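Input: a single structure, listed below in structure tokens.
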Amino acid sequence: MKAANAESRSIYFDLQAGWGVSKHLGGGAATRELASLCSIDAASDVLVAGCGNGFSACALAQSFGCRVIGIDINPAMVEQSAQHAQRLGLTERVAFRDADARALPFPEGQFDVVFSESVNSFIPEPTVALREYSRVLAEAGRVGINECVWLEPPPPGLARYMKRVMGARFLVAGDAWETLLGEAGFMSPTASIHRMTLMGQWKSEMEQLDARQVLRAWLTLPWTIAKDAESRRWLLSTLAAPPAAMRLLRYFGYGLFTATKPPRRTGP
């Protein structure tokens with residue numbers, strides 16, 4: 001089962017990298033809300049963990065004037081992110097590198113904010129990544145994550161289907177992510193839970209893509225499916241959906257979660 005989940009996860013993200021597209025629920029509006037909750041400003045040093053195509057990292061630098069480093073475990077995404085920053089003339093304020101969120105190549109206390117969207121649900125041990133976020137944050141630094149959640153417990157068949165197709169473990173909205181943040185050493189967690197709509201999600205994704213990227217994504221998909229057997233198997237697995245998938249929007253949404261790194265204890 002672990003091997004199958006790892007395969008699904010790899011195919012899902014490799015397809016996104018091939019399309020030049022990375023997704024998170026809520027799109028740009030969710031990114032802006034999360035940035036506000038994290039109090040990002042021009043003086044902030046921000047780490048974007050799981051930068052995808054670089055849209056959010058560049059949007060933060062453009063909107064707030066902050067300095068941003070984005071990391072991703074997929075080298076193709078890192079390359080596309082760097083190209084995106086170059087097109088926007090942001091290379092002096094935004095940089096990207098290959099890295100695993102569970103073993104960040106940065107010293108303690110380097111960042112004011114760690115920002116992560118639709119990443120931690122896909123990590124087998126999310127608390128390990130959350131502890132790394134805490135390590136590289138300065139005292140009183142903020143972590144902000146956007147994660148897909150179940151708005152209410154889903155039918156077992158639907159939960160198994162989403163895990164098979166996306167390779168992620170989605171938690172039920174409530175206090176699950178807040179508990180994990182506490183276990184990682186953070187304090188004062190907050191949560192903002194949102195429902196999703198198909199039209200709203202489509203609009204949010206189009207906001208992140210220009211016409212060239214949309215054309216590339218649509219042209220790349222059939223070619224990838226035609227030439228790659230694993231991608232064909234993944235596509236067939238998405239078609240084998242349970243009846244409850246028709247009611248996905250009843251159960252599925254996203255949460256914006258923040259927390260603060262506590263000050264270091266001094267004295268006895």
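The values are calculated or read from the model by the stated rules, or taken from the named source; none is laboratory data. Remember, predicted model here, so these are calculated numbers, not experimental data. Backbone-built Cβ (ideal geometry, glycine too); neighbour counts: all protein chains shown.
Here SER36 passes the criteria (1) more than 24 Å from PRO126 (Cα to Cα); (2) among the polar types (S, T, N, Q); (3) modelled with pLDDT of 95 or more except the one numbered (1).
When the stretch 179-199 is filtered for residues that are surrounded by fewer than 17 Cβ atoms within 10 Å (Cβ to Cβ), outside any loop (DSSP other than H, G, I, E, B) and not hydrophobic (A, V, I, L, M, F, W, C), the ones remaining, listed by number, are THR179, GLY182, GLU183, SER188, THR190, SER192, ARG195. All of GLU178, GLU147, GLU183 fail the test of being over 30 Å from SER231 (Cβ atoms) and either touching a strand residue (DSSP E or B) at 6+ places or on another chain (Cβ under 9 Å) or not charged (D, E, K, R) (or both), apart from GLU178. Apart from one condition, LEU151 fits all of (1) among the hydrophobic types (A, V, I, L, M, F, W, C); (2) in contact with a Leu (Cβ under 8 Å, 6 or more places away or on another chain); (3) over 14 Å from CYS38 (Cα atoms); the exception is (2).
Look at GLU132 and say whether it is modelled with pLDDT of 95 or more, assigned to a loop (DSSP other than H, G, I, E, B) and not aliphatic (A, V, I, L, M). For GLU132, the condition - modelled with pLDDT of 95 or more, assigned to a loop (DSSP other than H, G, I, E, B) and not aliphatic (A, V, I, L, M) - is not met. Within the stretch 241-261, is there a residue that is closer than 30 Å to ARG87 by Cα, modelled with pLDDT under 80 and outside any helix (DSSP H, G or I)? No, the conditions are met nowhere in the stretch 241-261. Within the stretch 140-147, at least one residue is under 18 Å from ALA168 (Cβ atoms) and of a type in the set (A, V, I, L, M, F, W, C).
Here the stretch 24-33 is the region considered, the condition is being out of contact with any strand residue (DSSP E or B) (no Cβ under 9 Å at 6 or more places or on another chain) and of a type in the set (Gly, Ala, Ser), and the residue that is nearest to ASN120 (Cα to Cα) is GLY27.
Residues in the stretch 87-146 that are touching a His at 6+ places or on another chain (Cβ under 6 Å) and not acidic (Asp, Glu) were compared, and the one that is surrounded by the most Cβ atoms within 10 Å (Cβ to Cβ) is ASN146. Of all residues in the stretch 76-94, at least one satisfies being of a type outside the set (S, T, N, Q) and farther than 23 Å from ARG32 by Cα. Scan LEU47, LEU37 and give me the residue that is over 12 Å from the mean Cα position of the chain (by Cα) and crowded, with 22+ Cβ neighbours inside 10 Å. Result: LEU47 is the single residue among LEU47, LEU37 that is over 12 Å from the mean Cα position of the chain (by Cα) and crowded, with 22+ Cβ neighbours inside 10 Å.
Residues that are modelled with pLDDT under 70 and aromatic (Phe, Trp, Tyr) within the stretch 200-222 comprise just one, TRP218.
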